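What follows is a single structure, written as structure tokens, with notes after it.
The values are calculated or read from the model by the stated rules, or taken from the named source; none is laboratory data. Keep in mind the model is a prediction, meaning the values are calculated, not measured. Counting neighbours? That spans all protein chains shown, and the Cβs are built from the backbone with ideal geometry, glycine included. Keep in mind that these areas ignore ligands, DNA and RNA; they rest on the heavy atoms of the full protein, side chains included. Shrake-Rupley method; radii C 1.70, N 1.55, O 1.52, S 1.80 Å.
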Amino acid sequence: MPSICVYCSSSNAIADTYSPVATTLGRALPDRGHELVYGGATVGLMGLVAEATHEAGGTVTGVIPKSLEAREGIAYDADELIVTDTVRERKRIMYRRSDAFVVLPGGYGTVEELMEVLSLKELGDHDRPIVLVNVDGFFDTLLSFFDELWEGRFARTVATDLVHVVPSAEAALDRIERVIVQDGRSS
Ligand code: AMP
């Protein structure tokens, strides 16, 4: 069963308009035969995705450093909970355990996680799908900046060759399934 890594906001203070994409994605993962790998927190969109996957009968793997318990909460009801010593170790395990990456709206942490998988893809470290769910144009500014990097020859690869940009959770899974089937990558 493919494992889908979801990077997204840990904030409880963002507008409610961002909740449905997290809940829809979380629910759709088990419905469509995928497992969830995520940062193991109970807060923000992260908590919503995991709760929805769990309630829909899906398999949740959470990876979180003990030091973030007070700040982000630890999802002790995850099917598999990996408690790491550091944030870097958490990220490394999430990266290794996933067949594809879905990015929902988020803050510095989410952007950092996106930039790592994006830049590693450009370097040829992996060729797994990365999908940005551009809810209400949330990522438009970042995508314009990526265009500037490409136009100014700071980037060697145009961003659209590295990430798929889609409008919804369903479209994200459609895209991932197409790539996985094409490449025979299902694990
Ligand atoms: P945010 O998008 O800032 O709400 O953060 C989303 C998740 O990314 C949270 O679980 C953070 O703990 C995590 N995070 C923040 N900084 C980093 C980092 N440098 N590397 C990996 N994960 C991070």
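Taking into account only those residues within the range 44-58 that are closer than 21 Å to residue 87 by Cα and of a type outside the set (A, V, I, L, M), which is farthest from the ligand (Cβ to nearest atom)?
Among those that are closer than 21 Å to residue 87 by Cα and of a type outside the set (A, V, I, L, M), it is 47.
What number of residues in the range 98-151 are crowded, with 17+ Cβ neighbours inside 10 Å, β-branched (Val, Ile, Thr) and more than 20 Å from residue 180 (Cβ to Cβ)?
2
Among all residue pairs at least 6 apart or on different chains, which show Cβ distances below 9 Å where the first residue, located in the range 62-74, is of a type in the set (Lys, Arg) and the second is more than 10 Å from the ligand (Cβ to nearest atom) and open to solvent by 30 Å² or more (accessible area, probe 1.4 Å)?
Pairs that qualify, where the first residue is of a type in the set (Lys, Arg) and the partner is more than 10 Å from the ligand (Cβ to nearest atom) and open to solvent by 30 Å² or more (accessible area, probe 1.4 Å), are 66/83; 66/85.
Filter the range 160-173 down to residues that are in a helix (DSSP H, G or I) and either under 15 Å from the mean Cα position of the chain (by Cα) or crowded, with 19+ Cβ neighbours inside 10 Å (or both), then give me how many there are. Write out each step before concluding.
Let us first name the residues in the range 160-173 that are in a helix (DSSP H, G or I), namely 160-161, 169-173.
Imposing the further condition that a residue be either under 15 Å from the mean Cα position of the chain (by Cα) or crowded, with 19+ Cβ neighbours inside 10 Å (or both) reduces the set to 169-173.
Qualifying residue count, the range 160-173: 5.
Listed here are the residues, each with its yes/no results for (1) surrounded by fewer than 24 Cβ atoms within 10 Å (Cβ to Cβ); (2) within 11 Å of the ligand (Cβ to nearest atom).
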residue: 20; (1), (2): yes, no
residue: 37; (1), (2): no, no
residue: 42; (1), (2): yes, yes
residue: 60; (1), (2): no, no
residue: 67; (1), (2): yes, yes
residue: 72; (1), (2): yes, yes
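Give me a count of the residues in the range 22-35 that are among the small types (Gly, Ala, Ser) and either surrounded by fewer than 18 Cβ atoms within 10 Å (Cβ to Cβ) or outside any helix (DSSP H, G or I) (or both). It would help to see each step written out before you state the result.
Just the residues of the range 22-35 that are among the small types (Gly, Ala, Ser), to begin with: 22, 26, 28, 33.
With either surrounded by fewer than 18 Cβ atoms within 10 Å (Cβ to Cβ) or outside any helix (DSSP H, G or I) (or both) added as a condition, the list becomes 33.
Residues in the range 22-35 being among the small types (Gly, Ala, Ser) and either surrounded by fewer than 18 Cβ atoms within 10 Å (Cβ to Cβ) or outside any helix (DSSP H, G or I) (or both): 1 in total.
Mind checking which pairs have a first residue in the range 141-157 that is in a loop (DSSP other than H, G, I, E, B) and a second that is not hydrophobic (A, V, I, L, M, F, W, C), Cβ under 7 Å, 6 or more apart or different chains?
From residues that are in a loop (DSSP other than H, G, I, E, B), the pairs are 156/122; 157/122.
Restricting attention to the range 5-18, report how many residues are of a type in the set (Val, Ile, Thr) and within 16 Å of the ligand (Cβ to nearest atom). Write out each step before concluding.
Going through the range 5-18, the residues of a type in the set (Val, Ile, Thr) turn out to be 6, 14, 17.
Filter once more, so that each one left must be within 16 Å of the ligand (Cβ to nearest atom): 6, 14.
Number satisfying all stated conditions: 2.
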